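One structure is given here, and the rest of the page talks about it.
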Amino acid sequence: MTMRNREAYLESLRKMRPNVYKFGKLIEDVTTDQATRRVVESHARGFDAAHDSQKENIFTTISSLTGEKMFAGPA
């Protein structure tokens with residue numbers, strides 16, 4: 001299994017059933033709503049860094065279960 005990238009991360013969020021509320025309002029798409037998009041963008045940057053050869057050792061780890069490299073960030 002390959003490690004997810006930014007687009008795969010964002011697409012997985014878009015596919016989820018909306019269940020996020022902020023100030024009593026249902027957020028249909030956390031990737032575009034002004035209340036959540038900056039947090040999502042911050043996490044997406046972690047996926048970018050995991051694929052950057054200069055930063056990958058900070059943002060990835062080796063799974064003790066599979067032995068494969070995996071994202072070690074907040075998402």
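Brief remarks follow.
- Among Ser12, Ser53, Ser42: highest mean-square fluctuation, GNM of the chain, C-alpha pairs under 10 Å: Ser53
- Around Thr60: net Lys/Arg minus Asp/Glu count, Cβ-Cβ under 13 Å: -1
- Lys, Arg +1 and Asp, Glu -1 on Cβ, resulting dipole of the chain about Cα centre, debye, nearest 20: 240
- GNM remark for the chain: springs join alpha carbons under 10 Å apart, and the peak mean-square fluctuation among Phe23, Phe47, Phe59 falls on Phe23.
- When you filter the GluC sites (Glu not before Pro) in region 25-75 for DSSP loop state and at most 12 other Cβ atoms inside 10 Å of their Cβ, you are left with Glu28, Glu68.
- 0 to 90° range, to nearest 10: angle between helix 37-50 axis and the chain longest Cα axis: 10
- Gyration tensor (Cα) of the chain, equivalent ellipsoid semi-axes in angstrom: 27, 13, 10
- Pairs of lysines in region 6-71 (C-alpha under 30 Å apart; 8 or more residues apart or interchain): 4
- Against the main long axis of the alpha-carbon atoms of the chain, helix 6-15 sits at an angle near 40°.
- Theoretical gain in end-to-end length, Asp33 to Asp48 [0.36 nm per residue, Cα-Cα removed]: 3.3 nm
- Here the label points at Glu11 and Ile58, each 7 Å from Cα along the C-beta direction, are separated by 2.8 nm in the simple model.
- Gaussian network model of the chain, Cα within-10 Å springs - most flexible of Val40, Val30, Val20: Val20
Rule-based calculations on the coordinates, nothing more; no lab input. Computed from a predicted model, the values in this text were never measured in an experiment. Virtual Cβ from ideal backbone geometry, glycine too; neighbours counted across all protein chains shown.
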